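Q: One structure, as structure tokens, below. Some questions next.
The values are calculated or read from the model by the stated rules, or taken from the named source; none is laboratory data. Since we're looking at a predicted model, the values are computed, not measured. Using ideal geometry, Cβ is built from the backbone for each residue, glycine included, and neighbour counts are taken over all protein chains shown. When the accessible area is computed, the model is the full protein with side chains, heavy atoms only, and any ligands, DNA or RNA have been set aside. Shrake-Rupley method; radii C 1.70, N 1.55, O 1.52, S 1.80 Å.
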Amino acid sequence: MAGYVCFGHTPCTEGTYDLYWIATDPALQGRGVGRTLERAVEEEVRARRGRMVLIETASKDSYAATRAFYDRAGYCEVARVPDFYAPGDDRVIYAKKLGDPGAVDPG
């Protein structure tokens, strides 16, 4: 398996979806597998008339490449909960609006 993605509708919202996981075989990282999966999620969310995708991740250094991946994909950091996972490891929330294909500012 090259990769895996898990997403779903966010309860009690109108058209908001959470992207829970993108996982790529480490031997295939950097070859576009994650980007292909992320785009597939956005296409499916649009097909379901969704308007926004949210992603959460950690702030610790070992997640820097993950955060950079979301930045490159057009997601914007919209919230941060200090010390959420552990002292010094914040919960970082990214969002991307899908209604306008050029829109990336969820604010």
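Q: Please go through the stretch 47-77 and pick out each residue that is in a loop (DSSP other than H, G, I, E, B), touching an Asp or Glu at 6+ places or on another chain (Cβ under 7 Å) and either among the polar types (S, T, N, Q) or open to solvent by less than 80 Å² (accessible area, probe 1.4 Å) (or both).
A: SER59, ALA73 - these are the residues of the stretch 47-77 that are in a loop (DSSP other than H, G, I, E, B), touching an Asp or Glu at 6+ places or on another chain (Cβ under 7 Å) and either among the polar types (S, T, N, Q) or open to solvent by less than 80 Å² (accessible area, probe 1.4 Å) (or both).
Q: Still on this structure, I have one more. Here's a check for you: in the stretch 46-68, which residue that is touching a Gly at 6+ places or on another chain (Cβ under 8 Å) and in contact (Cβ under 8 Å) with a residue 40 or more places away in the chain is nearest to ALA86 (Cα to Cα)?
A: MET52
Q: Moving to a separate point now. Among what's in the stretch 9-46 and is modelled with pLDDT of 95 or more and on the phi > 0 side of the Ramachandran plot, pick the residue that is most open to solvent (accessible area, probe 1.4 Å).
A: Residue satisfying both the conditions and the ranking: CYS12.
Q: I've got another one for you. Are any of the residues in the stretch 91-103 more than 25 Å from THR13 (Cβ to Cβ) and open to solvent by less than 90 Å² (accessible area, probe 1.4 Å)?
A: no
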